[in-house]
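One structure below.
Nothing in this text is a laboratory measurement; each read-out follows from the coordinates by a stated rule. Note that the structure is predicted; figures quoted are calculated from it, not measured. Here the Cβ positions follow ideal geometry from the backbone for every residue, glycine too, while neighbour counts run over all protein chains shown.
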Amino acid sequence: MSKQHIKFTVNGEEKDVLAEPRELLIHTLREQLNVTGPHIGCETSHCGACTVDIDGKSVKACTLFAIQANGTEITTVEGIGSPDDLHPLQKAFREHHGLQCGYCTPGMITRAYRLLQENPSPTEEEVRFGMAGNLCRCTGYQNIVKSILAAADEMNGVKEAAE
């Protein structure tokens, strides 16, 4: 099979790649572009470790051929914040212990980012429902939900009662 020329924007940078027609987006991101935040987990779309944001929608990069992303805007966890300027979600996951081993965390944060774009003030139930496609084997989810709700409060300018 001949490789196809693909153009898309990843975390604000235009990228040109050559990919086999059957190459999954997760492999293109990780192996060709060295964008290693999205992880390869189950490769069946069940776990959500590979979640990226494409044109304003959460997408599991293990379910999409790279060619299908041609012309799109892709945001991964690397594009949400930086080590020097963490996004409120990244801060909240750190402060509220929303991670343990960290394997699912990039997908969790990327999905939560889109969830908070869609619903800036979710309830606990809405967070749990909205995050249902992302699995974690370590945390029991309570601190993930707590982290997302804390980030929503920070993004909405709500001060914690303890302050």
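Below, the figures for the structure above:
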| item | result |
| --- | --- |
| Angstrom value of the Kirkwood radius, inverse mean 1/r, which spans all Cα pairs in the chain | 16.2 Å |
| Selected from LYS15, LYS91, LYS57 as most flexible by GNM, with the chain as the system and alpha-carbon contacts under 10 Å | LYS15 |
| FRET E, pair GLN142, SER2, Förster distance 45 Å, beta-carbon r, rounded to 0.05 | 0.35 |
| Helix 142-155 vs. the chain, principal-axis angle (Cα, 0 to 90°, nearest 10) | 90 degrees |
| Unit charges at the beta carbon, dipole of the chain: most positive-side option, LEU24, PRO106, THR75 | LEU24 |
| Debye equation applied to the C-alpha atoms of region 4-79, log10 I(q)/I(0) at 0.13, 0.22, 0.26 Å⁻¹ | -0.30, -0.92, -1.34 |
| Stokes-Einstein D in µm²/s, Kirkwood radius over Cα pairs - region 73-132 at 20 °C with 1.002 mPa s viscosity | 177 µm²/s |
| Helix 105-118 vs. the chain, principal-axis angle (Cα, 0 to 90°, nearest 10) | 80 degrees |
| Of PRO83, PRO21, PRO122, the one that fluctuates the most in a GNM where the chain has Cα springs shorter than 10 Å | PRO83 |
| Cα-Cα separations in region 50-92 greater than 11 Å, expressed as whole percent | 69 percent |
| Radius 14 Å from Cβ of PHE129, net charge of other residues (Lys, Arg +1; Asp, Glu -1) | -1 |
| Lysine pair number, Cα distance threshold 22 Å (strictly under), the chain, separation 8 or more or different chains | 9 |
| Choice from SER45, SER121, SER82 with maximal GNM fluctuation in the chain (Cα, 10 Å cutoff) | SER82 |
